[in-house]
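*Asks:* Can you keep this structure in mind? I'll have questions shortly.
The values are calculated or read from the model by the stated rules, or taken from the named source; none is laboratory data. Computed from a predicted structure; not experimentally measured. Methodologically, a virtual Cβ is constructed for each residue, glycine included, from the backbone with ideal geometry; neighbour enumeration extends over all protein chains shown. What goes into the accessible areas is simple: the full protein's heavy atoms, side chains included, and nothing from ligands, DNA or RNA. Shrake-Rupley method; radii C 1.70, N 1.55, O 1.52, S 1.80 Å.
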Amino acid sequence: MILVTGATGRIGRELVRELDATDAEVRILVRDPARATELPERAERVVGDLGEPATLTPAFDGVDKLFLLTAGIGHTETAHAVAAAEAAGVGHIVHLSSVNVIGDPMPAMGRWHHRREEIVRACGIPATILRPGGFMTNALEWVPGIRAEGYVLDPVGPGRFAPIDPADIAAVAALVLTGNGHQGAEYVLTGDEVLTVTEQVRIIAGTIGRDIEVRTAATPAQAVRSRFPDGAPQALADAIAEGFALMRADTVGFRTDTVERLLGRRPRTFADWCARNADAFRLPARG
């Protein structure tokens, strides 16, 4: 039995679909079952909340392996999940962390994820750590600007990075959860192409057949406001601004071949991802 947390998110839902194609028994932890209606019916739904440890016992009962994904900047939910896993006798945790953990010096986002990794390691359950870089799906944050005014705000200029398709992260997670020899491993996952924001926008524009302007963010604060128009906690805003500065400084782009080594194929390209998600960037059809 494999328990998937974060099952309705961008990685989790891809992972549930990957596991549905195997012989594994799959259970998903959901706060709201209505959000899981598009997931494979074979996956067992259990209502619970990692923020409410009293709700976790039924979800963890009989679980052999855990895919652990927690959002936000805290570590309480990680601690709750690990405690429930220990009590249930879970034998393997696959923990989603972040490439920021290997930063030198480690940025704020890396420190948050590193604390979660420490909690997982300290429990003594064999674990595999996945550390992906930036997601291709982060480009969906540009949708409002593209639809409303035909522009994208660029906070990183010449900076290059290798975005990864969440579907590739899910494929690696499924491999680790259903295979052998991965306990104790730490896998840093990136895409195969190092791109600037301008190059990403050019690919989106070519996919949807529309000109898209790239505007330079005047300040990190402007870039954060564009990402969180309703505001963000100060610690998160500061961490994002720090991340943008680090990305701007990296004009080469960090990437690994881990996805290809594990899956036996190259990672999906940004053009592949855009082709599957083109409708998100197009203006709605007028009725």
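*Asks:* Based on DSSP H assignment, which helices of the chain show an axial Cα extent of at least 20 Å together with a mean Kyte-Doolittle hydropathy greater than or equal to -1.0?
*Replies:* Values: long enough: 108-122 (21 Å, -1.23); 234-249 (23 Å, 0.76).
Answer set is 234-249.
*Asks:* Amide H neighbours of Phe135 under 5 Å, counting only residues 5+ apart in sequence or on other chains, H built in-plane at 1.01 Å?
*Replies:* The list, which skips near neighbours in sequence, is Ile164.
*Asks:* Considering amide H positions built from the backbone, and no H for Pro or chain starts, which residues 5 or more places from Asp154, or on another chain, come under 5 Å of its amide H?
*Replies:* Arg215, Thr216, Ala217
*Asks:* Here is a follow-up. With θ set to phi - 60° and the Karplus curve 6.51 cos²θ - 1.76 cosθ + 1.60, what are the ³J(HN,Hα) couplings of the range 253-264 in order, to the nearest whole Hz, using x for Gly and Pro?
*Replies:* Coupling constants for the range 253-264: x, 8, 8, 10, 9, 4, 4, 5, 5, 7, 9, x Hz.
*Asks:* Now for a separate question. Given +1 on the Cβ of Lys and Arg, -1 on the Cβ of Asp and Glu, and no further charges, what dipole in debye does the range 168-287 carry about its Cα centre, rounded to the nearest 20? Could the numbers behind the result be given before it?
*Replies:* Numbers: 14 positive and 15 negative charges, 82 e Å.
Rounded to the nearest 20 debye, it is 400 debye.
*Asks:* Which parts of the range 190-207 would a label at Arg266 reach, counting a residue when its backbone N lies under 14 Å from a point 7 Å out along Cα-to-Cβ?
*Replies:* 191-195
*Asks:* Hey, what number do you get for the chain at 222 nm if only DSSP H runs of n ≥ 4 count, each worth -39500 (n - 2.57), divided across all residues, to the nearest 500?
*Replies:* Dividing the helical sum by the residues of the chain leaves -12000 deg cm²/dmol.
*Asks:* How big is the antiparallel share of DSSP beta bridges in the chain, given as a percent to the nearest 5?
*Replies:* Around 5 percent of the beta bridges assigned by DSSP in the chain are antiparallel ones.
*Asks:* Also, I was wondering about something else. Going by Cα centres, the range 172-194 and the range 84-107 are how many Å apart?
*Replies:* Their Cα centres are 13 Å away from one another.
*Asks:* Let me make sure I get this right: for the range 198-280, a, b and c are the square roots of the gyration tensor eigenvalues over alpha carbons, sorted descending. Under 1.5 in a/c it's rounded, otherwise prolate if a/b > b/c, else oblate. Which is it?
*Replies:* Because a/c hits 1.5 or more and a/b fails to exceed b/c, the range 198-280 counts as oblate.
*Asks:* Of Gly243, Gly134, Gly231, which is the most mobile in a GNM of the chain whose springs link Cα atoms less than 10 angstrom apart?
*Replies:* Among Gly243, Gly134, Gly231, the largest mean-square fluctuation in the Gaussian network model of the chain belongs to Gly231.
*Asks:* Just to verify a number: FRET efficiency for Asp230 and Leu283, C-beta to C-beta distance, R0 = 25 Å, to 0.05?
*Replies:* For Asp230 and Leu283, the calculated efficiency is 0.60.
*Asks:* Take the chain, connect every pair of alpha-carbon atoms lying under 10 Å apart with a spring to form a Gaussian network, then pick out the residue of Glu186, Glu38, Glu77 with the largest mean-square fluctuation.
*Replies:* Checking each option, the largest mean-square fluctuation is seen for Glu38.
*Asks:* How much net charge surrounds Ala245 when only other residues with a Cβ under 14 Å from its Cβ are counted (Lys, Arg +1; Asp, Glu -1)?
*Replies:* -3
*Asks:* Would you mind calculating the relative contact order of the chain from Cα pairs under 8 angstrom and at least 6 residues apart, reporting the percent as a whole number?
*Replies:* Across the chain, relative contact order equals 18 percent.
*Asks:* Starting from the Cα-Cα distance between Ile102 and Arg35, subtract it from 0.36 nm times their residue separation and give me the gain in nm to one decimal.
*Replies:* Stretched out fully, the Ile102 to Arg35 stretch lengthens by 20.8 nm.
*Asks:* Something else about it: Normalising by the residue count of the range 102-248, find the relative contact order in percent from Cα pairs under 8 Å and 6+ residues apart.
*Replies:* Result for the range 102-248 is 32 percent.
*Asks:* With a 1.4 Å probe and all protein chains kept in place, how much accessible area does Arg147 have, in Å² rounded to the nearest 10?
*Replies:* Taking all protein chains as shown, Arg147 has close to 90 Å².
*Asks:* What share of Cα pairs, in percent, lie more than 15 angstrom apart in the range 237-277? Could the numbers behind the result be given before it?
*Replies:* Details: 530 of 820 pairs.
Percent of Cα pairs beyond 15 Å in the range 237-277: 65.
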